[in-house]
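Read-outs throughout are calculated quantities, based only on the coordinates presented, and are distinct from any laboratory measurement. No experiment lies behind these values; they were computed from the predicted model shown. Glycine gets a Cβ as well: all are built from the backbone with ideal geometry, and neighbour counts include every protein chain shown.
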Amino acid sequence: MALLQISEPGGKPTTPAHRIAVGIDLGTTNSLVSASCGAGVEVLPDASGNYLLPSVVAYASDTDPVVGSVARAQSTKDPKNTISSVKRLLGRALSEVEQAPQFKQYEFDAERGDGAPAIVTAAGVKDPIQVSADILQTLVYQAEHSLKAKLEGAVITVPAYFNDAQRQQTKDAAKLIGLNVLRLLNEPTAAAVAYGLDSKEQGTVVVFDLGGGTFDVSLLRLQSGVFEVLATGGDTALGGDDFDHAIVDWIKQQAGFQVLSSTDEAKLLHYATSMKHQLSNSEEVSIEFNGWSGSLSASDFRDITEALVKRTILTCRRVLRDAQLEVEAIDNIVMVGGSTRMPVVRQAVEKFFGKAPLTDIDPDKVVAIGAGIQADVLIGNKSADDFLLLDVTPLSLGIETMGELVEKIIPRNTTIPVAKAQEFTTFKDGQTAMALHVVQGERELVSDCRSLARFELRDIPPMVAGAAKIRVTFQVDADGLLSVMAEELSTGTKAEIQVKPSYGLNADAIEEMLKVSHENAKADMEIRALREAQIEAKQLIDAINSAREIDGDLLEASEARQIDNAIEHLASLIASGTSVQIHESTEELNRISSLFAARRMDLHIGEALKGESIDKVEQ
Ligand code: AMP
């Protein structure tokens, strides 16, 4: 049996050992792993000093999977067995992805029962969870090797727009290799954390992420240490590659190259990428290619890429519009992704937002660093004061029940996305509709909470009170949107509503609500106990009254009088008694009426058995 350690009273607390947890940026093209190392969080390199692990896995029949640059190098030689961009397959159905051009080279296993886009390779069929697990395994190895210690957990980043299935499969991949996931963290949130923006009281942050092939913009709002995604936008077909192609087209035009061999095309593209990188640090680069020489200036580059840059700004404008915010409302812009090194991009962003974006941290590492910071906190290496609350519900979400009481379904500070269900029942015999009132706050009475929405569930089949089963499911997605669904389980009748719980709620209002709830905690508990006792008492009185309407003749006159008196007494206590008095009188009424209940049961069992053979009864 394990022994629990208890420190000596008054003794010195022992300093807990530094525990090892990593941050993982599991990217579409490249993945990174980071950890807290003394001075701060650093990205951990592999044995050759590389910190970017290409997210590519090569499978062969006779060896373990090969992950990273070696796999990427062989992708043109053996495309069928070399899997890239697996992140785009996570949480998707085969039917959604099999026609996509970037997956054309793969043979998908069409017979697989679960509809996952599993790929047939020389080492067997590999589903996206397995492929992601192989990438994670390499990162874990890289981290353990570099830190010379065993990992205790990881924070893994996912795009803000990932749905539940995509998030779940990311977790499943970690589980497959026994990696303890401390948390999934939204990539833009991680980037904001890397810049320490979570330590501010409130603010709005735009995360501008321009990688090699994709572009994402997220607009986050921070309130009391909680990040909420207000809007996201992007372009899955816009990235650094398009800037490379723009240079290729420009050189071809300047040099008058008509047709190039495929080898020369590939060389020219490679050359263009290197020119683009040089232009991030110089005003002009000279070109020597296939006997043609010339130069490309920063201003030429600006002209030839103007349309691409404009597209990124248009997306920012759209995201602001979706969140109904003006550009002046943005406090910080965080740059993520290798392509944000381009001065043309930085300048356009600065011009649009009217302030310089944050660029101090390497844009390739910023997401991994934020994840590493969060991992270090979650594993317990920081004091409680440093504890970050990220992507959580700032206030409890619940539903009104009888007596105007609140039943909390999702408690405050629950990590989102989250789904929770609870079963409710009808209060009255024959009740065919139920009014659902969704509220937010910490108080026990509905009138002390914020009303978020009301809706009705109709067509409940008539039953005796308490027999119907109504499942109410609360689901908060990654963007903080709450969906509430009520379902009557015997018929499957449903009703649903969606609300944005944060709408119109600022940090001051949240703080005020929490303060008032603390101040009233004791009074709230008392009123809850009173309301519950009143409801219980009323239910018993109603049940006895309806039983007497049917079987009143089972009672002797004196017994009926005794019950009448007890009911009258209880009714007066419901109006003005304490919860303890009501509770005691309810028990008393229960005791007095128990003989009546027993007689009714005997009578109805007797009726039910009439006509049955003895054999059947004994069965
Ligand atoms: P990522 O997907 O975030 O790794 O970004 C890769 C993209 O960043 C590629 O298109 C690279 O060409 C581009 N990139 C990396 N370094 C630079 C640089 N110094 N200047 C311009 N683009 C760069």
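Which FRET efficiency, nearest 0.05, do Asn545 and Glu496 yield, Cβ-Cβ r, R0 30 Å?
Working: r = 36 Å, r/R0 = 1.20.
The calculated FRET efficiency here is 0.25.
Report the charge-dipole magnitude of the range 260-413 in Debye, nearest 20, computed about the Cα centre from +1 at each Lys and Arg Cβ and -1 at each Asp and Glu Cβ. All intermediate terms of the calculation are to be shown ahead of the outcome.
Numbers: 16 positive and 23 negative charges, 51 e Å.
So the magnitude is around 240 debye.
Net charge near Asp524, counting Lys/Arg +1 and Asp/Glu -1 over other residues with Cβ under 13 Å of its Cβ? Display every interim value, and only then the final one.
Numbers: positive: Lys408, Arg443, Lys522, Arg528, Arg531; negative: Glu404, Glu442, Glu444, Asp448, Glu519, Glu526, Glu532.
Overall, the nearby charge balance is -2.
Once R0 is set to 41 Å, what does the formula 1/(1 + (r/R0)^6) return for the Cβ-Cβ distance between Ala165 and Asn590, expressed as a FRET efficiency to the nearest 0.05?
Details: r = 49 Å, r/R0 = 1.20.
Efficiency for this residue pair is about 0.25.
Report, in degrees rounded to the nearest 10, the 0 to 90 angle that the Cα long axis of helix 164-176 makes with the longest principal axis of the chain.
80
Mind pulling up the Rg/Rh value for the range 122-245? Radius of gyration and Kirkwood radius, both on Cα.
Working: Rg = 16.8 Å, Rh = 16.5 Å.
Over the Cα atoms of the range 122-245, Rg/Rh equals 1.02.
Give the separation of the Cα centroids, the range 72-140 to the range 209-242, in Å.
Spelled out, the Cα-based centre of one part sits 25 Å from the other.
Based on the Cβ-Cβ distance from Asn281 to Val516, what FRET efficiency comes out when R0 is 45 Å, to the nearest 0.05? Could you put the intermediate results ahead of the total?
Details: r = 56 Å, r/R0 = 1.24.
Once the sixth-power term is evaluated, E becomes 0.20.
Among all the lysines, which ones have a C-alpha under 25 Å from Lys104's C-alpha, if same-chain residues fewer than 8 places away are not counted?
Those lysines meeting the cut-off are Lys77, Lys80, Lys87, Lys126, Lys267.
What does the helix-only formula give at 222 nm for the chain: each DSSP H stretch with n ≥ 4 adding -39500 (n - 2.57), the total divided by the residues, and the result rounded to the nearest 500 deg cm²/dmol? Walk me through the numbers on the way to the answer.
Values: 17 runs with 231 residues, N = 619.
Theoretical 222 nm ellipticity from helices: -12000 deg cm²/dmol.
Rounded to whole Å, give me the distance from the Cα center of the range 575-599 to that of the range 410-430.
Here the answer is 30 Å between Cα centres.
From the square roots a ≥ b ≥ c of the eigenvalues of the alpha-carbon gyration tensor of the range 393-508, which class results: rounded (a/c under 1.5), prolate (a/b over b/c), or oblate? If you can, show how the numbers build up before the last one.
Values: a/c = 2.35, a/b = 1.71, b/c = 1.37.
Here the range 393-508 falls in the prolate category.
Picking from Thr415, Ile567, His245, whose Cα lies most toward the positive end of the charge dipole for the chain (charges on Cβ: Lys, Arg +1; Asp, Glu -1)?
It is His245, whose Cα lies furthest towards the positive end.
Where does helix 343-353 land angle-wise versus the long Cα axis of the chain, in degrees 0 to 90, nearest 10?
Between the helix axis and the principal axis of the chain, the angle is about 40 degrees.
Could you check the simple spin-label distance between Asn50 and Arg317, using points 7 Å along Cα→Cβ, in nm with one decimal?
Distance between the two pseudo-spin positions: 4.0 nm.
Please state the charge dipole magnitude for the range 522-609, taken about the Cα centre, from unit charges on C-beta atoms (+1 on K and R, -1 on D and E), reported in debye and rounded to the nearest 20. List each step's numbers first, then the result.
Working: 9 positive and 17 negative charges, 49 e Å.
It comes to approximately 240 debye.
May I ask for the net charge around Ile399, where only other residues with Cβ less than 9 Å from the Cβ of Ile399 are counted and Lys, Arg are +1 while Asp, Glu are -1? Walk me through the intermediate numbers first.
Values: positive: Lys408; negative: Glu400, Glu407.
In short, -1.
At 0.36 nm per residue, and after removing the present C-alpha to C-alpha distance, how many nm does the segment from Thr473 to Asp78 gain when stretched out fully? Intermediate values should be presented prior to the final figure.
On the way: separation 395, 0.36 × 395 = 142.20 nm, distance 4.75 nm.
Answer, rounded to one decimal: 137.4 nm.
Enter the angle in degrees (range 0 to 90, nearest 10) between the Cα long axis of helix 579-592 and the first principal axis of the Cα atoms of the chain, meaning the one along which they spread out most.
The two axes meet at around 50 degrees.
What percent do you get for the relative contact order of the chain when only Cα pairs under 8 Å and 6+ apart count?
Numbers: 1086 pairs, mean separation 66.3, N = 619.
Contact order relative to length: 11 percent.
Could you point to the residue in Ser293, Thr204, Val70 farthest towards the positive end of the chain's charge dipole, with +1 and -1 charges on the Cβ of Lys/Arg and Asp/Glu respectively?
Highest projection toward the positive end goes to Ser293.
Send over the Kirkwood Rh of the range 471-591, from the inverse of the averaged 1/r over different Cα pairs, rounded to one decimal Å. Intermediate values should be presented prior to the final figure.
Numbers: mean 1/r = 0.0537 Å⁻¹.
For the range 471-591, inverting the mean 1/r across all distinct Cα pairs yields 18.6 Å.
Which order do the peptides 50-58, 185-193, 528-536 take when ranked by the mean count of other beta-carbon atoms within 10 Å per residue, highest first? Provide the component values of the computation, followed by the final result.
Details: 50-58: 22.1, 185-193: 28.6, 528-536: 18.7.
Top to bottom by mean Cβ count within 10 Å: 185-193, 50-58, 528-536.
Taking the Cβ of Ala566 as the center, what net charge do the other residues with Cβ under 12 Å away carry, scoring Lys and Arg +1 and Asp and Glu -1?
Summing Lys and Arg as +1 and Asp and Glu as -1 gives -4.
Counting pairs of alpha carbon atoms under 8 Å apart in space and at least six apart in sequence, what relative contact order in percent does the range 198-257 give?
Numbers: 100 pairs, mean separation 17.8, N = 60.
Reported relative contact order: 30 percent.
Quick one: length gained pulling Asp241 to Ala149 fully straight, 0.36 nm per residue minus the C-alpha distance?
Numbers: separation 92, 0.36 × 92 = 33.12 nm, distance 3.83 nm.
That pair, Asp241 and Ala149, stretches by 29.3 nm at full extension.
Write out the GluC sites (Glu not before Pro) in the range 266-372 meeting two conditions: DSSP loop, and at most 12 other Cβ atoms within 10 Å of their Cβ. Please list the in-between numbers first.
Working: sites: Glu283, Glu284, Glu288, Glu306, Glu326, Glu328, Glu350; in loops: Glu283, Glu326.
Within the range 266-372, the qualifying GluC sites (Glu not before Pro) (loop, at most 12 other Cβ atoms within 10 Å) are Glu283, Glu326.
Would you mind getting the Kirkwood hydrodynamic radius of the chain from its Cα pairs, rounded to one decimal in Å? Could you put the intermediate results ahead of the total?
Numbers: mean 1/r = 0.0341 Å⁻¹.
About 29.3 Å, per the Kirkwood formula over Cα pairs.
What trypsin sites (Lys or Arg not before Pro) in the range 103-156 are in a loop by DSSP, with at most 14 other Cβ atoms within 10 Å of the Cβ? Working shown, then result.
Values: sites: Lys104, Arg112, Lys126, Lys148, Lys150; in loops: Lys104, Arg112, Lys148, Lys150.
Those satisfying the criteria are Lys104, Arg112, Lys148, Lys150.
If the only charges are +1 at each Lys and Arg Cβ and -1 at each Asp and Glu Cβ, what is the size of the charge dipole of the chain around the Cα centre, to the nearest 20 debye? Don't jump to the answer; show the numbers that get you there.
Values: 58 positive and 89 negative charges, 243 e Å.
Here the chain has a charge dipole of around 1160 debye.
Would you work out the relative contact order for the range 79-147, in percent, from Cα pairs under 8 angstrom that are 6 or more residues apart? It would help to have the intermediate numbers written out before the result.
Working: 67 pairs, mean separation 20.5, N = 69.
Dividing the mean separation by the residue count of the range 79-147 yields 30 percent.
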